[in-house]
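See structure below.
Rule-based calculations on the coordinates, nothing more; no lab input. The structure displayed is predicted, hence computed values, not measured ones. As a convention, Cβ positions derive from the backbone with ideal geometry for all residues, glycine included, and neighbour counts pool all protein chains shown.
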Amino acid sequence: MASYDIRVIGDPVLRQKARGVNDIDGSLVRLVDDMIETMYEAPGIGLAAPQVGVQKRLFVWDMGEGPRVIVNPEIVESDGEWLYDEGCLSVPGLSWEIIRPKTVHLVGRDLDGNEMSLEVDELEARLFQHEIDHLDGTLLIERLDSDARKTALKAIRDLQLAEVMPVPPSAGPANTRAGQDLRLP
Ligand code: NI
């Protein structure tokens with residue numbers, strides 16, 4: 001197995017709609033193995049194929065009961081509301097309280113082509129909705145209202161800037177201001 005680099009916000013691949021999987025073959029099985037390794041290394045509890053740059057409709061997850069995968073997943077029913085402080089490996093270091101349905105019914109296929117049907121709630125339901133969003137090119141900040149999204153985008157820019165241009169501990173306020181004047185794409 002080999003691990004991938006996880007794509008982060010700003011990478012156009014995260015904004016594209018992934019294509020349905022027609023053939024479950026050896027290369028798809030290897031992709032899934034590598035995605036599972038990447039998810040554990042991160043570490044995370046879920047990972048969708050576009051997050052490793054692959055535009056296929058599948059994701060992996062582990063809620064503490066071992067790794068699982070679903071191909072061509074689709075939510076056929078959802079109900080209720082649940083608030084959760086949600087993060088994403090593609091938007092590292094930040095999280096936001098987001099309301100989404102509390103229960104979902106997810107269908108799809110396993111790697112043998114068998115039908116899967118999962119009715120889950122709370123964290124696992126949240127994970128499924130989050131990963132399906134990735135397959136549709138949607139990041140979690142798009143689930144915020146417009147004011148919260150503006151604040152979130154600023155927090156993301158500030159964090160990316162801090163990583164690209166760390167302010168030395170000895171630097172005074174002048175350097176800090178100069179740093180804030182930089183604009184990343
Ligand atoms: Ni994510």
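Express as a percent, rounded to the nearest 5, the fraction of DSSP beta bridges in the chain (both residues included) that run antiparallel.
95 percent
Could you point to the residue in 164, 151, 20 farthest towards the positive end of the chain's charge dipole, with +1 and -1 charges on the Cβ of Lys/Arg and Asp/Glu respectively?
164
Cα to Cα, under 21 Å, and not fewer than 8 places away if on the same chain: which lysines meet these conditions relative to residue 17?
Candidates past the 8-residue exclusion: 56.
Taking amide hydrogens as modeled 1.01 Å from N in the peptide plane, which residues meet the under 5 Å criterion relative to residue 94, leaving out close sequence neighbours?
88
Would you calculate the separation in nanometres between label points at residue 3 and residue 162, each defined as 7 Å from the Cα along the Cα-to-beta-carbon direction?
That separation, rounded to one decimal, is 2.3 nm.
Would the stretch 52-134 count as rounded, prolate or oblate if I go by the C-alpha gyration tensor, calling it rounded below 1.5 in a/c and otherwise prolate when a/b exceeds b/c, oblate otherwise?
Judged from the Cα gyration tensor, the stretch 52-134 comes out oblate (a/c at least 1.5, b/c at or above a/b).
Relative contact order of the chain, please, whole-number percent, based on alpha carbon pairs below 8 angstrom and at least 6 residues apart.
Relative contact order, the chain: 19 percent.
Take the alpha carbon atoms of the stretch 12-168, find their radius of gyration, then divide it by 2.2 N^0.38 Å using N residues; give the quotient.
Ratio of Rg to 2.2 N^0.38 Å for the stretch 12-168: 1.07.
To the nearest 10 degrees, how steeply does helix 122-135 sit against the main Cα axis of the chain, on a 0 to 90 scale?
Taking Cα atoms only, the helix is inclined about 80 degrees.
Given a Förster distance of 35 angstrom, what is the FRET efficiency for residue 27 paired with residue 115, based on the Cβ-Cβ distance and rounded to 0.05?
Between residue 27 and residue 115 the formula returns 0.95.
If R₀ is 41 angstrom, what is the calculated FRET efficiency for the pair residue 148 and residue 41, using the beta carbon separation as r and rounding to 0.05?
0.85
What do you get for the angle between helix 26-41 and the principal long axis of the chain? Use alpha-carbon atoms, 0 to 90 degrees, nearest ten.
40 degrees
Where does the chain land at 222 nm, in deg cm²/dmol rounded to the nearest 500, when only DSSP H runs of n ≥ 4 count, each adding -39500 (n - 2.57), divided by all residues?
-10000 deg cm²/dmol
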